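So the structure is just underneath, and the comments pick up after that.
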Amino acid sequence: MSPALPRCVVDQPVSNELKQSRMTEFMKLLPLTLELAGLPKADPARPFTNDQIEGRVMSIRAAYRAGKALLREVGETGLQDTK
């Protein structure tokens with residue numbers, strides 16, 4: 001049996017300032033996130049199903065993590081040519 005993973009402390013409330021900071025960061029990265037996710041636009045005549053929406057949310061979450069990692073990498077090492 002694998003060892004238990006450490007749990008996050010959820011008892012402490014997150015400050016409104018931290019929430020606002022996180023939301024601002026997300027909104028600033030949203031154009032990059034959506035580009036990385038590569039999701040097609042919805043056809044107004046055919047709305048997405050709940051399962052399709054959930055799949056798109058998962059894609060956006062993964063793209064957000066990748067975008068944040070890219071931004072962190074650029075901040076630490078700059079843009080370096082991989083050739």
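What the table shows:
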| read-out | value |
| --- | --- |
| Count of residues meeting criterion [among the charged types (D, E, K, R) and over 8 Å from the mean Cα position of the chain (by Cα)] in segment 46-72 | 5 |
| The listed residue being out of contact with any helix residue (DSSP H, G or I) (no Cβ under 7 Å at 6 or more places or on another chain) and at pLDDT below 95, out of Gly78, Gly38 | Gly78 |
| Residues of segment 33-51 that turn out to be within 28 Å of Leu71 (Cβ to Cβ) and part of a helix (DSSP H, G or I), as a count | 5 |
| In segment 48-82, the residues that are over 17 Å from Gly38 (Cβ atoms) and of a type in the set (Ser, Thr, Tyr) | Thr49, Thr77, Thr82 |
| Pairs where the first residue, in segment 10-32, is closer than 17 Å to Ala66 by Cβ and the second is assigned to a loop (DSSP other than H, G, I, E, B), C-beta under 6 Å, 6+ apart | none |
| Qualifying residue in segment 48-56 (condition: charged (D, E, K, R), surrounded by fewer than 10 Cβ atoms within 10 Å (Cβ to Cβ) and at pLDDT below 95) | no |
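The values are calculated or read from the model by the stated rules, or taken from the named source; none is laboratory data. Since the structure is predicted, the reported quantities are computational estimates derived from the model, not experimental observations. We place every Cβ from the backbone using ideal geometry, glycine too, and count neighbours over all the protein chains shown.
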